[in-house]
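Just below is one structure, and these are the notes that go with it.
The values are calculated or read from the model by the stated rules, or taken from the named source; none is laboratory data. Computed from a predicted structure; not experimentally measured. Quick reminder, even Gly has a Cβ in these numbers, built from the backbone with ideal geometry, and neighbours come from all protein chains shown.
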Amino acid sequence: MKLTKIAAAAAVAVVAASPVMADLVFPSLSYRTGAYAVGGIPFADGYADYMTLVNERDGGVGGVMTRVIECETAYNTEKGVECYEATKGEGALIYQPLSTGITYQLIPKASADGIPVHSMGYGRTSAANGKVFEWVFNYPANYWTGASAAVNYISAQEGGSLKGKTIALVYHNSGYGKEPIRTLEVLAEKHGYSLMLVPVDHPGQEQKSQWLQIRQQKPDYVLLWGWGVMNQVAIQEAANIRFPMDHMIGIWWSGAEADVLPAGDASNGYKALALTGVGNEYPLFADIQKYVVDAGKAAGAGDQIGTVPYNRGIYAAMLAVEAVKTAQAMHGVADITPVMMRDGMENLMMDEAKMTALGLPNFGPTFNVSCENHGGPGLASVTQWDAGAKKWNVIAPFEAPDMDVISALVAADSEAYAAENAITPRDCK
Amino acid sequence: MLYREAGDFKTSYAEDSQTFPIVIDRVGYYVVLAIAFGVIPFLINDYWANAVFVPLLIYAIATLGLNILTGYCGQVSLGTGGFMAVGAYACYKLMTAFPELNIFFCVLLAGGVTAGVGVLFGLPSLRIKGFYLAVATLAAQFFLVWMFNKVPWFYNYSASGQINAPERTLAGIVITGPHTEAWAKYLFCLVFVVLLAWLARNLTRGNFGRQWMAIRDMDIAAEIIGVNPLKAKLSAFAVSSFFIGIAGALFFAVYLGAAEVGEAFGIQKSFLILFMVIIGGLGSIFGSFAGAAFLVLMPVILKNVLVGMLGWQTDIAAHLEFVIVGALIVTFLILEPHGLAQLWRIIKEKLRLWPFPH
């Protein structure tokens, strides 16, 4: 009996969140709390700021205003489900949950509901196969292309051969961290290095034993596949055992200012892959300053502008807006539906002229999305931390990964998913 | 005036020992059941199912399970998350290994598997008690999570170690997978809740329940009056794990659809369910529901009020949620250390006397 009373109170609360139509809705399943907030806050700020900029400067996209609905997930899948259910009825066009766990939850649900999911540089890698994953996109790069890019870079550093070398993978012991293992194993056979796996459990604040293991076994290189507080701890521990920083390479989720700053000068020379350009010297940032920050409309505390995850939030929002523009042009409708959004994403073309026009020259790779390929070319650049100047420098330009290896893995994994879930791959003419 | 047993004469032993001896309680119980089965399924939508009712029902099962072990038998367990993981992974392996097996039996069998594992980890309870047992079950929690992470057989060698629930039907109605209707999800869980709550109620007031309570109150005295501690403790572990395993299977297959052991079944889940038991009331069926409702619904209500109605920033609201829920827990426990169930009992006592307090 008590239950019904509580339920009635909840009913009042939910009814109050009434939907408003005729705008482009972008739910932002953000996490500004918890062990991963250090990456979640700047990303959410960048995402929201870009959408605000589009509204303030251009009057929306094609004349329709954008609306960002933030929902706090704390990187927790149960809250992610709640956020998804709470926002999907508001006309959500696209989900970018910034969490591999939540992406795994949303892939079947959003596919059934007909809402596209864009997991940019995270999520399920085999979603790159558009024949099986009609509603899921992970362009421009994913974990497996990232793993391959890192191995290619190490190989170039070693003069083209990795025979007899040992590469350690220090990873978050979750779906996120385990994703690259298979690729690294296949690449190990190809290049002749041996792979050492070092898992770190959530949230990763305690890594003494892992780094002791690294100190004893002395791998030649360490790949860091961490997120949130785990990154800072890993870099600090690496510095403590005096592991050479330039032999430690992070995935793009382990390469933010907040990850290296706590270790101070000891983190000098640490390398990380990057999806986008670094810094705030792009023309777009002048517009953000003018229309968003100076107008007092910046999201969050407004102190994250130009950091790596902030730029990634900008990039994610920019790709979403460009997909909206593509969809509007294709269908001749300004107030698009999620189905049209999917078409827009599938026909998205990012070239240099477009990015320059947006004020982001050379910010990301050029790529085209197609019906078969939802993953893009998988280009990643390498950046290095300069602790003295407190900034990241690009030391290797965007380069293509070993697609022969990855395409086979993507095909195998997506076919297994299709078989498990009785999906007939669609026909891409 | 209304709420009393005066004039409600019992003429048989069965009537005298029924669960709800007072008419208004009995009527209320049937009304709740009628609403739960006859009204809510027609009104429910995806949000209400996935954010409110399904997690509430599943946590209620898990809380009932832990309450049998901790509340009735007095064995503190911190392994609940691990046992839920056993249920989830057993259900996953059964679903994928026997695609034609009915999902209802998959869930039941998953509960059975968990009962076996629970008995295994319950063996130390014969030698150690109290906090020491809590530590032993904590080992179960960490060992089980580690094992499901480490052995790829459990997650069918998938690249990420995630398990995904394939689509399964019951009498032609989709129960798991993304195409499940909200009402189907809800009713499937509700059937389990009603069956298990009925089972728990009747077990706890029967021979087994009395043995468990005797062990809880003083194990040496219980042994002297002829209660076999081996049988009592292990049966409590088995029944409790059976409930928790079913909760884990439903949590994975019906509610989340995809799960990752460290995130979904970590130590925080064990604590959450233990808090539900403590806040609801140790050794009470109603308390299990009340505790689960309190901890599942409070964050959702607060979030909807603070963000949805007042338009606060999500991070401030999220932090305040912790503060408010925490403060409410402390307040409740100061006002009534025996939980919401005791509060409910006191209200009922007062109602019997009302409007004449003496």
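Of note:
- Any hit, the range A:413-422, residues being within 14 Å of another protein chain (Cβ to nearest Cβ), in a loop (DSSP other than H, G, I, E, B) and under 27 Å from A:SER111 (Cβ atoms): yes
- Applying the set (1) assigned to a helix (DSSP H, G or I); (2) at positive phi to B:GLY283 leaves exactly one unmet item: (1).
- Qualifying residue in the range A:57-76 (condition: assigned to a helix (DSSP H, G or I) and at the interface with chain B (Cβ under 8 Å from one of its Cβ atoms)): no
- Within the range A:162-218, considering residues that are free of Cβ contacts under 8 Å to residues at least 24 places away in the same chain and polar (S, T, N, Q), the one surrounded by the most Cβ atoms within 10 Å (Cβ to Cβ): A:GLN213
- Some residue of the range A:31-44 being under 18 Å from A:ILE115 (Cβ atoms) and either touching a residue at least 24 places away in the same chain (Cβ under 8 Å) or within 11 Å of another protein chain (Cβ to nearest Cβ) (or both): no
- Of all residues making up the range B:166-186, the number that are facing another protein chain (nearest Cβ under 9 Å) and over 24 Å from the mean Cα position of the chain (by Cα): 4
- Here the range B:307-354 is the region considered, the condition is being touching a Phe, Trp or Tyr at 6+ places or on another chain (Cβ under 8 Å) and more than 14 Å from chain A (Cβ to nearest Cβ), and the residue that is farthest from B:VAL296 (Cα to Cα) is B:TRP354.
- For B:ARG210, the criteria (1) closer than 24 Å to B:ALA85 by Cα; (2) free of Cβ contacts under 8 Å to residues at least 12 places away in the same chain hold in every case but one, which is (1).
- Contacts under 6 angstrom Cβ, first residue in the range A:363-374 being without any contact (Cβ under 8 Å) to a residue 60 or more places away in the chain, partner not in a loop (DSSP other than H, G, I, E, B), 6 or more apart: A:THR366/A:MET350; A:THR366/A:GLU352; A:ASN368/A:MET349
- Residue list for the range B:322-358, restricted to those being surrounded by 13 or more Cβ atoms within 10 Å (Cβ to Cβ) and among the small types (Gly, Ala, Ser): B:GLY339, B:ALA341
One line per residue, one yes/no per condition, for (1) buried (at least 24 other Cβ atoms within 10 Å of the Cβ); (2) small (Gly, Ala, Ser); (3) closer than 23 Å to B:VAL239 by Cβ:
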residue	(1), (2), (3)
B:GLY7	no, yes, no
B:ALA14	no, yes, no
B:GLN18	no, no, yes
B:ASP25	no, no, no
B:ILE68	yes, no, yes
B:LEU78	no, no, yes
B:GLY87	yes, yes, yes
B:PHE104	no, no, yes
B:LEU108	no, no, yes
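- Taking the range A:288-374 and the helices (runs of 4 or more DSSP H) fully enclosed by it, the elements with 2 or more residues that are touching a strand residue (DSSP E or B) at 6+ places or on another chain (Cβ under 9 Å) and either of a type in the set (D, E, K, R) or over 23 Å from A:ALA141 (Cα atoms) (or both) are at A:308-331, A:338-346.
- With respect to the stated conditions, B:ALA214 is farther than 30 Å from A:THR103 by Cα and crowded, with 16+ Cβ neighbours inside 10 Å.
- Taking the criterion of being more than 8 Å from chain B (Cβ to nearest Cβ) and under 25 Å from A:HIS202 (Cβ atoms), the residues of the range A:88-106 that qualify are A:TYR95, A:GLN96, A:PRO97, A:LEU98, A:SER99, A:ILE102, A:THR103, A:LEU106.
- Residue within the range A:6-27 that is within 13 Å of chain B (Cβ to nearest Cβ) and at pLDDT 90 or above present: yes
- B:LEU101 vs. criteria in contact (Cβ under 8 Å) with a residue 24 or more places away in the chain and of a type in the set (A, V, I, L, M, F, W, C): no
- In summary, B:LEU282 fulfils each of the numbered conditions (1) in contact (Cβ under 8 Å) with a residue 60 or more places away in the chain; (2) under 12 Å from the mean Cα position of the chain (by Cα) with the single exception of condition (2).
- Members of the range B:187-208 found to be assigned to a helix (DSSP H, G or I), exposed (fewer than 15 other Cβ atoms within 10 Å of the Cβ) and more than 15 Å from the chain's Cα centre (by Cα), listed by number: B:ASN202, B:ASN207
- Scope the range A:267-289; condition more than 14 Å from A:ALA389 (Cβ to Cβ) and among the charged types (D, E, K, R); matching residues: A:LYS271, A:ASP287
- Residues satisfying the stated conditions in the range A:107-120, i.e. touching a residue at least 60 places away in the same chain (Cβ under 8 Å) and more than 20 Å from A:VAL324 (Cβ to Cβ): A:PRO108
- Taken over the range B:141-164, the criterion of being part of a loop (DSSP other than H, G, I, E, B) and modelled with pLDDT under 90 is satisfied by B:ASN156, B:TYR157, B:SER158, B:ALA159, B:SER160, B:GLY161, B:GLN162.
- Considering only residues in the range A:140-158 that are over 15 Å from A:THR276 (Cβ atoms) and among the aliphatic types (A, V, I, L, M), the one that is farthest from the chain's Cα centre (by Cα) turns out to be A:ALA156.
- When B:ALA292 is tested against (1) of a type in the set (A, V, I, L, M); (2) over 16 Å from B:GLY65 (Cβ atoms); (3) at the interface with another protein chain (Cβ under 10 Å from one of its Cβ atoms); (4) in contact (Cβ under 8 Å) with a residue 12 or more places away in the chain, just one condition goes unmet, and that condition is (2).
- Scoring B:LEU133 on the criteria (1) within 14 Å of chain A (Cβ to nearest Cβ); (2) touching a Pro at 6+ places or on another chain (Cβ under 9 Å) leaves a single failure, condition (1).
- When the range A:89-106 is limited to residues that are without any contact (Cβ under 8 Å) to a residue 60 or more places away in the chain and touching a helix residue (DSSP H, G or I) at 6+ places or on another chain (Cβ under 7 Å), the one that is surrounded by the most Cβ atoms within 10 Å (Cβ to Cβ) turns out to be A:LEU106.
- Of all residues making up the range B:338-358, the number that are in a loop (DSSP other than H, G, I, E, B) and touching a helix residue (DSSP H, G or I) at 6+ places or on another chain (Cβ under 9 Å): 2
- Qualifying residue in the range A:379-388 (condition: touching a residue at least 40 places away in the same chain (Cβ under 8 Å), away from chain B (no Cβ under 14 Å), farther than 29 Å from A:ASN347 by Cβ and not in a strand (DSSP E or B)): yes
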